[in-house]
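J.: Would you mind keeping the following structure in view while I ask a few things?
The values are calculated or read from the model by the stated rules, or taken from the named source; none is laboratory data. As the structure is a prediction and not an experimental result, all values here were calculated from the model. All Cβ positions, glycine included, derive from the backbone under ideal geometry; neighbour counts span all protein chains shown.
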Amino acid sequence: MLCVDANLLTDYLDGVDAARAFLKEYETEPWAVPSLALFEVYMGAIYGHPRGTVDDVYEATREFEVLGIDDGTVLRAARLQEELKGEGVELGFVDAILVAAADEVGATFATNDGTPLQSEVRERIHVVEYPGA
């Protein structure tokens, strides 16, 4: 399963060639998005990025499994943050929850956001870089 970050999902919905090419590499896998990242994309639609409306985002993301954020997810995120802090790396709060949501279901997390791509994170969570536009 490939779990996408808001940056990749936004580019995909906007028809960015790099996003479509990246996701084509994973077309045989199910796609997922953490509910918090999907919310970011809904809020982005209100302000024009991605283009379209909240309803457009809703319709376009029905092929994605939406990963819920619950007590187990936030505990996993806190434990990950605690381990990483011991190595001098700190994920942003949202990033910690997003990678924990992906890890919770054994998914690969796809992003072009810097901190989740650091080696200390990648030693614990399977993260792949979406190169972006």
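J.: Of (1) closer than 17 Å to LEU8 by Cβ; (2) free of Cβ contacts under 8 Å to residues at least 40 places away in the same chain; (3) surrounded by fewer than 16 Cβ atoms within 10 Å (Cβ to Cβ), ASP70 satisfies all except one. Which?
T.: Only one criterion in (1) closer than 17 Å to LEU8 by Cβ; (2) free of Cβ contacts under 8 Å to residues at least 40 places away in the same chain; (3) surrounded by fewer than 16 Cβ atoms within 10 Å (Cβ to Cβ) is unmet by ASP70, namely (1).
J.: Another question, then. Exactly one of these conditions fails for ARG51: (1) part of a helix (DSSP H, G or I); (2) over 13 Å from the mean Cα position of the chain (by Cα). Give me its number.
T.: All conditions are met except number (1).
J.: Please verify whether the range 17-24 includes one or more residues that are modelled with pLDDT of 95 or more, touching a strand residue (DSSP E or B) at 6+ places or on another chain (Cβ under 8 Å) and within 21 Å of GLU129 (Cα to Cα).
T.: yes
J.: Residue check, VAL128 against (1) assigned to a strand (DSSP E or B); (2) in contact with a Gly (Cβ under 9 Å, 6 or more places away or on another chain), all met but one. Which one?
T.: (2)
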